[in-house]
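Visitor: First, the structure itself, so that you have it in front of you.
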Amino acid sequence: MLQEVCQKGEQPDLLNITHPELITKVHTQYVEAGSHIITANTFGANALKLKGSSYSVDEIIGSAISNARKANAPFVALDIGPLGQLVEPLGTLAFESAVELFAEQVRAGDKYGADVVLIETMSDLLEIKSAIIAVKENSNLPIIVSLTFEENNRTFMGVDALTAVTFLNAIGVDAIGINCSRNPFDIAPIVDTFMRYSRMPVMVMPNAGLPLPTGKYSVSPKDLGRALVGYYKKGARIFGGCCGTRPEYIAELKKLLNGKKPLKKKPLEVTAITSGTRTEIFDDKITIIGERINPTGKPKLKDAIKNNDMGFVVGEAIAQQENGATVLDVNCGLPDIDEPSTLASMVKELQSVISLPLQIDSANPMAIEKAVRVYNGKPLINSVTGEQSSMDRIFPIVKKYGAAVIGLTLDQNGIPKKAAERLQIAKRIVQTAQSYGIPKKDIFIDCLVLTASAQQEQVFETVKAIQLVKQKLGVKTVLGVSNVSFGLPNRAYLNSIFLTSAMTAGLDAGIVNPMSDEIMSAVKAFRVLNGYDKGAEVYIEAFRQTIEPSVAQAAQSSDLIELIATGQKKAAVSVVTGLLGSLKPLEIINKYLVKALDIAGRDYESGKIFLPRLIKVAETAKACFEIVKQDIKLDDQTLVKGKIILATVKGDIHDIGKNIVKVLLQSYGYSVIDLGKDVDGELVAGEVVRHNVKLVGLSALMTTTIPAMKDTIEKIRKVSPTCKIMVGGAVLNQEYAKYVGADHYAQDAMAGIKIAELESKG
Ligand code: THG
């Protein structure tokens, strides 16, 4: 019965009101099977997905929780799934709108008495963050955050397990988990990473494998039990089932695991920060923090910041990344600008293009808070001083958003001359931070160096202070190295010698100019000498000068390719507009657009960039293509590639994947007819004929809609036997594609492009 109701494509959350007894019946089966926590049927109960429905979020969540209570659930979780749209600037959803959408759910959950919030099936760290903020700002409910991972052990948006756990450890939730995600045995590497690093209990809630054409799932209750007992032995503490785990699966888990004592595991303590897709661990390698996004002494950058020319800022970021920086300092301290808004928009722009973690640098606590709030990971805050008022402003931000922080050894009396006095300030900073609940491992101390041209006798006090802080406090140290050479010639050389002294004294991270060969050579040499670069392999490789062609190098051959490959839409469009006078449209497409897309596509496949960046590049290329297209004369129309129909099949209301494929196809010059989601098979077939389309892409996310996909394909075949069909979506695989009768299986968006290119050639 439930199956039938669901297959009508009705939003499942509405069933709480239209069929409450049905929902309670399902819950009851799970309570009887032995579940301790029941997830209320609220996965999609947000205002975005309910748009146009006659019920409010509050009503639906109220009924959902009451339906679960009626089943005598020991504990009821408010279940929160993804909003179904990407957050800005990749999507159209503003960060604060995401917070507000989740907040509405949380307020209802709290009001109707949910015991815990389960934020699940998540893929995007920024969306997770908005949900966590919403829970914390609107309730005191415990939070479990669970992500879903793909075959490459990353989420759809490129988050790896280490990054997820590092971020969640810092922002502070009550449990971390993995749900959905392929098959329960394949997720072992993710559970292992969670177990190694998590200071929170770990939850494992996999699918019963993948759905089989018979309607059953590939993994039996016994096998699921076997997998989860394995994870219990590794230390996981919360267990459950996602897609396909009928009550008999939960009964098996109950039999195997109920009453077992949780095994205590001590997590590894590491100092780390993250971006949305990557973690920087501060260890023996000496971390390079790029200093160049700082307007001091840089007139061009000053102008760019004032004119909101983010393209220039992004260019600086990419150059530093290509040169080996693994963290970027972001500073926009200028008089006459709105620093909080500017810093926040710089952070938003940078994090959508750059995969490196950011160090958010401002003397203005308001600017720091605004930027840290919208940051998509665990940032490093630069900085706090030893003044009580500074600490009282900054530490609550560090704690609330889960950041690491740099403490400067200065206070109301300035920077002490002697190392011992700097140590005293450092000590006070560490103690005060701990009293705010910030762990010692997340505190960096900067012993501060001034220029050798004026405060010469103090230069080695700084080096001494680093040694003392390392010895007495055991915290990480960082230093703004380039200060030392202000006002002197041959700065890079002086900087590199000073950096070497500081590294010898125990410096963990240098805020430096990564474009300087002297600095980078000093670090590479130090990594050999301190045993980090085993066998000097990296050193040898670097100085043999055989570096693979990369985005930056390709970019040197052409500014436009760089602009596109780095997703700078406005600038790219203006260059293309200029080029149209001198180059033929086809030349622009082949020489620039396709080349940039190929570079991005290759980098995506090799794991060098992730989906957010790929989308950004595709949108830029698409905008350029639109301009070029206007200039194509009628007889050249052939160079606009073929028409492709895309649709999410009947009964399926998820369309993020399809929308991404659409942007990519358009960026490659295809004309896409998007039929939307929950589309009738008959309608798809009709449109194929009407537009004489040669390729159709169908997507399905829910296992229950596989039959609809098969049916749609049959209908297309009947009216257009030569039309090719590709299919994609979370639950699909090669075998399924074959079963539903598709010509191609597109594992991800790039695979979809390859198929389109293949078919348009053939
Ligand atoms: N500690 C911490 N943070 C810091 C500093 C520090 N942030 C800012 C600064 N000091 C470190 N960053 C810089 C950035 C640039 C320069 C020096 C330090 C610099 N700029 C050149 C100039 O002003 O002449 C311009 C360089 C160019 O054009 O390439 O020297 O100590 N925690």
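Visitor: 7 Å from Cα along Cα→Cβ at both Glu100 and Phe75: what's the point-to-point distance in nm?
Guide: Reported label-point gap for Glu100 and Phe75 is 3.2 nm.
Visitor: If you count only protein heavy atoms with a 1.4 Å probe, what accessible area per residue comes out for region 140-262, rounded to a whole Å²? Mind showing how you got there, number by number?
Guide: Numbers: 4760 Å² over 123 residues.
Using a 1.4 Å probe on heavy atoms only, each residue of region 140-262 averages 39 Å².
Visitor: Here's another thing I want to ask about it. What number do you get for the chain when its Cα radius of gyration is normalised by 2.2 N^0.38 Å, N = residues?
Guide: Numbers: Rg = 27.6 Å, N = 762, 2.2 N^0.38 = 27.4 Å.
My calculation over the Cα atoms of the chain gives 1.01.
Visitor: If you don't mind, there's one more thing I want to ask. Find how many whole Å separate the alpha carbon centroid of region 239-253 from the alpha carbon centroid of region 333-347.
Guide: Their Cα centres are 50 Å away from one another.
Visitor: Pick out, in residue order, every one of the chymotrypsin sites (Phe, Trp or Tyr not before Pro) in region 132-207 that is DSSP loop and has at most 16 other C-beta atoms within 10 Å; say none if there are none.
Guide: Phe185
Visitor: With the full set of protein chains in place, find how many percent of the accessible area of the chain is carbon and sulfur; take the probe as 1.4 Å. Numbers along the way, then the final one.
Guide: Values: 16640 of 31310 Å².
So the carbon and sulfur contribution to the accessible surface is 53 percent.
Visitor: Lysines near Lys464 by alpha-carbon distance under 20 Å, same-chain residues fewer than 8 away left out - which ones?
Guide: Lys417, Lys418, Lys427, Lys472, Lys476
Visitor: Now, a different point. On a 0 to 90° scale, report how tilted helix 491-504 is relative to the longest principal axis of the chain, with both axes built from alpha carbons and the result rounded to the nearest 10.
Guide: It is inclined by approximately 80 degrees.
Visitor: Straight-line reach from Lys378: which aspartates and glutamates have Cα under 16 Å away, leaving out those fewer than 8 places along the same chain?
Guide: Straight-line reach from Lys378, under 16 Å: Asp124, Glu127, Asp160, Glu269, Glu280, Asp329, Asp361, Glu369, Asp442.
Visitor: Right, next: Please determine, in degrees from 0 to 90 and to the nearest 10, the orientation of helix 310-322 with respect to the longest principal axis defined by the Cα atoms of the chain, where the helix direction is its Cα long axis.
Guide: On a 0 to 90 degree scale, this one is about 80.
Visitor: With θ set to phi - 60° and the Karplus curve 6.51 cos²θ - 1.76 cosθ + 1.60, what are the ³J(HN,Hα) couplings of region 691-701 in order, to the nearest whole Hz, using x for Gly and Pro?
Guide: So the J values, rounded to whole Hz, are 9, 6, 8, 9, 9, 10, x, 10, 10, 8, 9.
Visitor: For a quick check: with amide H placed at 1.01 Å from N, whose amide H comes under 5 Å from Lys476's, ignoring anything fewer than 5 positions away on the same chain?
Guide: The answer is Ile443, Ile445.
Visitor: Using only DSSP helix segments of four residues or longer, with each worth -39500 (n - 2.57), what per-residue ellipticity at 222 nm results for the chain after dividing by its residue count and rounding to 500?
Guide: When only DSSP H runs of four or more count, the value is -14500 deg cm²/dmol.
Visitor: Still on this structure: Could you calculate, for region 668-716, the ratio of the Cα radius of gyration to the Kirkwood radius, expressed as Rg to Rh? It would help to have the intermediate numbers written out before the result.
Guide: Details: Rg = 11.2 Å, Rh = 11.6 Å.
So for region 668-716, dividing Rg by the Kirkwood Rh gives 0.97.
Visitor: Using Cα atoms only, what is the angle between the long axis of helix 95-111 and the major principal axis of the chain, expressed in degrees (0 to 90) to the nearest 10?
Guide: Tilt of helix 95-111: around 60 degrees.
Visitor: Can you work out ³J(HN,Hα) from phi for every residue in region 217-224, in order, using Karplus 6.51 cos²θ - 1.76 cosθ + 1.60 and θ = phi - 60°, giving whole Hz and x for Gly and Pro?
Guide: 10, 5, 10, 7, x, 4, 5, 4
The values are calculated or read from the model by the stated rules, or taken from the named source; none is laboratory data. All figures in this text were calculated on a predicted structure; none of them were measured in a lab. Don't worry about glycine lacking a Cβ; one is built from the backbone with ideal geometry, like all the others, and counts go over all protein chains shown. Note: accessible area is taken over every heavy atom of the protein model, side chains too, but ligands, DNA and RNA are not part of it. Shrake-Rupley method; radii C 1.70, N 1.55, O 1.52, S 1.80 Å.
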